[in-house]
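Notes follow the structure.
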Amino acid sequence: MQPIHSKEIEEILVHFSTSMFSMNSEEEVLWDMVRNCISILGFEDAVVYLVDESGEYLVQKAAFGPKNPEGNQILNVLKIKIGKGVTGRVAESGLPMLVSDTRNDPEYIEDDQLRLSEIAVPIMLDGKVIGVIDSENSEIGFFSDQHVRILLSVASIYAGQIARIRAEKKSKSRTV
């Protein structure tokens with residue numbers, strides 16, 4: 001895998017930071033995040049999870065690749081206990097994970113098919129994990145530290161938009 005050049009990184013971040021101005025729901029934000037991570041970074045698949053209301057599970061909210069046959073549909077929505085699998089461990093620790101070969105991770109959770117490498121980064125809001133961006137690839141060692149840094153930046157940008165949407169929703173509910 002060739003490294004992503006700084007111009008491409010700049011284009012990615014500019015896209016993410018400017019594409020959200022018209023988005024008014026978390027669903028719109030999450031679908032934009034996953035679709036644009038894929039189209040710009042060239043990943044095979046990506047799934048965005050959010051922590052459920054109980055705070056015990058991550059639930060798939062947006063996907064690209066085989067999990068998303070059309071529109072905003074997710075096939076066989078997966079719910080993962082926090083602390084389990086790669087995504088659950090990222091949600092528990094708040095730290096990104098890069099798995100070069102999933103066959104060597106005894107806690108790897110196969111979703112729609114076995115893939116050989118995985119990357120997961122937390123989506124943080126006010127110092128708390130609210131979700132995880134996860135992607136897998138059929139190649140061993142596909143993901144790099146550069147992918148981690150880019151996805152952490154993307155997660156931060158989108159977390160800011162989610163914070164705005166949640167604050168507006170809370171403000172509207174107080175005035176009703």
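Before moving on, here are some points about what is shown:
- Heavy-atom accessible surface of the stretch 117-163, averaged per residue, reaches 33 Å², computed with a 1.4 Å probe.
- Legend: residues THR87, THR175, sorted from most to least accessible area (1.4 Å probe; ligands, DNA and RNA excluded), read THR175, THR87.
- Note, ³J(HN,Hα) from phi for the stretch 69-86, Karplus 6.51, -1.76, 1.60, rounded to Hz, x at Gly and Pro: x, 6, x, 9, 9, 10, 7, 6, 3, 9, 10, 10, 5, 4, x, 9, x, 5
- Local charge for ILE12 was computed over the other residues whose Cβ lies under 15 Å away, with Lys and Arg +1 and Asp and Glu -1, and equals -1.
- Expected 222 nm ellipticity per residue - DSSP helices of 4 or more, -39500 (n - 2.57), all of the chain, to 500: -13500 deg cm²/dmol
- Packing-based order for 27-35, 145-153, using average beta carbon neighbours within 10 Å, highest first: 27-35, 145-153
- Here the simple spin-label model places points 7 Å from the Cα toward Cβ, and for ILE9 and GLU70 these points are separated by 4.0 nm.
- Calculated FRET value between GLU56 and LYS128, using beta carbons and R₀ = 25 Å, to 0.05: 0.95
- As a fraction of the 1.4 Å probe accessible area of the chain, surface on carbon and sulfur atoms comes out at 50 percent.
- Dipole magnitude for the chain: about 760 debye, using +1 per Lys or Arg Cβ and -1 per Asp or Glu Cβ, origin at the Cα centre.
- Residues in the stretch 108-130 reached by a label modelled at SER100 [backbone nitrogen below 15 Å; 7 Å Cα→Cβ]: 116-119
- Pairwise centroid distance, computed over Cα atoms, of the stretch 80-140 with the stretch 20-61, Å: 14 Å
- The structure shown yields percent of Cα pairs over 26 Å apart, and of the options (i) 49; (ii) 25; (iii) 30 that calculated value carries the label (ii).
- Multiplying the residue separation of VAL148 and SER171 by 0.36 nm and removing their Cα-Cα distance gives an extension gain of 4.9 nm.
- These residues, LYS172, LYS61, go from largest to smallest accessible area, 1.4 Å probe, as LYS172, LYS61.
- Net charge, LEU75 excluded, C-beta distance under 13 Å - Lys, Arg +1, Asp, Glu -1: -3
The values are calculated or read from the model by the stated rules, or taken from the named source; none is laboratory data. In this text, all values refer to a predicted model and were calculated from it rather than measured experimentally. In this analysis, Cβ positions are derived from the backbone assuming ideal geometry, glycine residues included, and neighbour counts consider all displayed protein chains. These area figures cover heavy atoms from the full protein model, side chains too; ligands, DNA and RNA do not enter into them. Shrake-Rupley method; radii C 1.70, N 1.55, O 1.52, S 1.80 Å.
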